[in-house]
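The values are calculated or read from the model by the stated rules, or taken from the named source; none is laboratory data. Only a predicted model underlies this, so the values are computations on that prediction, with no experimental measurement involved. For neighbour counting, all protein chains shown are included, and Cβ atoms are generated from backbone atoms with ideal geometry for every residue, glycine included.
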Amino acid sequence: MTDLPMIVKDPTLPERITIYEVGVRDGLQNEKTIVPTEVKAEFIARLIAAGLPIVEATSFVHPKWVPQLADAADLVALLDMRGPVQLPVLVPNERGLDRAIEAGISHIAVFGSASETFANKNLNSTLDGQFEMFEPVVKRALAADMTVRAYVSMCFGDPWEGAVPIEQVVATGKRMLEMGAEELSLGDTIGVATAGHVTALVDAFVAGGVGLEQLALHFHDTYGQALSNVHAGLRSGITTFDASAGGLGGCPFAKSATGNLATEDLVWMLNGLGIEHGVDLAALVETSVWMADKLGRPSPSGVVRALSGAE
Ligand code: HMG
Ligand code: MG
């Protein structure tokens, strides 16, 4: 199987892309059981060893809101936060930033919503109010030489409001960038995006003056569309994609959000397209099998199942 998939390049697609690994954060925040801190640290070490260049480590959010990540400071204390692999953390407000600074963090991500309802459910805020929460965070983080990524959730639809207008998503995303975030990750929190919608949204950002290099795409695979959506993103020239080892993930504040795009599924497709990414697929599959064993259930990723001989 080592010569599969066959490599058939498409010269119209980017030659190399960056995978932003979210399994430890987006994956484990949604687990019913709380994974021990040492297991999280080993998960991160294994992902780094598999070649992932960025591994989102945890969130400095309110521990009552996300008890699964209440051990953020203890976890960070076990990690080399100044090593070559970036280990960003989610920070929603100044209290979270204070905790991140105390923990010696270099890379943070703020996370906003393109819809009013999710701003309320996820941040106890409003669509407008969220910017007031983020502005001092971004300002202080940049002054402290941190890098800042910004997420926008519900970019392709919201479980309470239905369709989210493209203009509303672009306006929200641009406000996040204008605050000083260097990268904007467009989240399909509940996995409802389809390929044409992806193309239209990226085009709308570009028409609004946002550079392709400033954009990342973050797909959940609820409706089995994640890889097709990545392909649409590649065709538009996007070069950063979020993915989650083993397809772990979801969002506790949006019940219809299920697993993220599995990193292994993404890597398999990129391998076939001859697009460079730097990740060792066998090591990654081994890691996801190890993690699935810790969680007590098999990985939903087709590639993990196929390559681990689980079926
Ligand atoms: P709030 O209850 O409105 O907070 O929550 P508050 O500002 O009113 O403060 C209340 C108390 O919480 C105070 O303590 C604060 O100090 C404390 P008291 O004075 O009562 O003792 N507090 C904190 N403690 C620790 N860390 C903090 C913190 N902030 C306040 N950071 C808040 C507002 C934003 C904190 C809350 O809504 C929250 O934590 N939300 C996090 C939700 C979350 O993590 N969601 C999942 C991540 S987003 C996602 O998964 C989507 C994504 O993957 C992209 C996609 O798929 O679309 C990124
Ligand atoms: Mg997510």
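Taking the numbered list (1) outside any helix (DSSP H, G or I); (2) aromatic (Phe, Trp, Tyr); (3) farther than 25 Å from residue 201 by Cβ in turn, residue 290 passes all entries but (1).
Taking the criterion of being of a type in the set (Val, Ile, Thr), over 15 Å from the mean Cα position of the chain (by Cα) and over 19 Å from residue 266 (Cβ atoms), the residues of segment 3-59 that qualify are 33, 34, 35, 37, 39. Report every pair of residues separated by at least 6 positions or lying on different chains whose Cβ atoms are under 9 Å apart, first residue within segment 17-33 and near ligand 2 (Cβ under 9 Å from one of its atoms), second in a helix (DSSP H, G or I) and among the hydroxyl-bearing types (Ser, Thr, Tyr). Filtered contacts from segment 17-33: 22/263. Inside segment 213-248, residues that are of a type in the set (S, T, N, Q) and within 16 Å of residue 187 (Cβ to Cβ) make up a count of 6. The residue that is farthest from residue 165 (Cα to Cα), among those in segment 227-248 that are free of Cβ contacts under 8 Å to residues at least 40 places away in the same chain and within 16 Å of ligand 2 (Cβ to nearest atom), is 230.
A count restricted to segment 239-296 and to residues that are within 16 Å of ligand 1 (Cβ to nearest atom), of a type outside the set (S, T, N, Q) and on the phi < 0 side of the Ramachandran plot stands at 15.
Kindly provide the set of residues from segment 133-160 that are part of a strand (DSSP E or B) and of a type in the set (A, V, I, L, M), ordered by number. It would help to see each step written out before you state the result.
So in segment 133-160, the residues part of a strand (DSSP E or B) come out as 147-153, 158.
Passing the criteria: 148, 150, 152.
Would you call residue 265 of a type in the set (D, E, K, R), within 16 Å of ligand 2 (Cβ to nearest atom) and at pLDDT 95 or above?
Values: of a type in the set (D, E, K, R): yes; within 16 Å of ligand 2 (Cβ to nearest atom): yes; at pLDDT 95 or above: yes.
Yes, satisfied.
When you scan segment 33-53, do you find a residue that is within 21 Å of residue 121 (Cβ to Cβ) and not in a strand (DSSP E or B), even just one? Give the steps one after another, and end with the answer.
Here is the first cut: in segment 33-53, the ones within 21 Å of residue 121 (Cβ to Cβ) are none.
No - not one qualifying residue is present in segment 33-53.
With respect to the conditions (1) surrounded by fewer than 17 Cβ atoms within 10 Å (Cβ to Cβ); (2) within 16 Å of ligand 1 (Cβ to nearest atom), residue 144 lacks only one, and its number is (2). With respect to the conditions (1) without any contact (Cβ under 8 Å) to a residue 40 or more places away in the chain; (2) surrounded by fewer than 23 Cβ atoms within 10 Å (Cβ to Cβ), residue 133 lacks only one, and its number is (1).
Within segment 103-119, the residues that satisfy the criterion of being assigned to a helix (DSSP H, G or I) and within 16 Å of ligand 2 (Cβ to nearest atom) are 118, 119.
Specify the residue that is farthest from residue 233 (Cα to Cα); the eligible residues are those in segment 11-34 that are more than 16 Å from ligand 1 (Cβ to nearest atom) and surrounded by 13 or more Cβ atoms within 10 Å (Cβ to Cβ).
Residues of segment 11-34 more than 16 Å from ligand 1 (Cβ to nearest atom): 11-18, 33.
So of that shortlist, the ones also surrounded by 13 or more Cβ atoms within 10 Å (Cβ to Cβ) come out as 13-14, 17-18.
Working: 13: 9, 14: 10, 17: 11, 18: 13 Å.
Per the stated criteria, the residue is 18.
Pick from segment 226-238 the residues that are polar (S, T, N, Q) and touching an Asp or Glu at 6+ places or on another chain (Cβ under 8 Å): which of them is farthest from ligand 1 (Cβ to nearest atom)? Even if it seems obvious, please write down each step before you answer.
Start the filter on segment 226-238 by keeping residues that are polar (S, T, N, Q), which leaves 228-229, 236.
Applying the additional criterion that residues be touching an Asp or Glu at 6+ places or on another chain (Cβ under 8 Å) yields 229, 236.
On the way: 229: 13, 236: 19 Å.
Residue satisfying both the conditions and the ranking: 236.
In this structure, does residue 100 turn out to be in contact with a Lys or Arg (Cβ under 8 Å, 6 or more places away or on another chain), in a helix (DSSP H, G or I) and under 27 Å from residue 135 (Cβ atoms)? Break it down into steps so the answer makes sense when it comes.
Details: in contact with a Lys or Arg (Cβ under 8 Å, 6 or more places away or on another chain): no; in a helix (DSSP H, G or I): yes; under 27 Å from residue 135 (Cβ atoms): yes.
Judged against the criteria, residue 100 is not a match.
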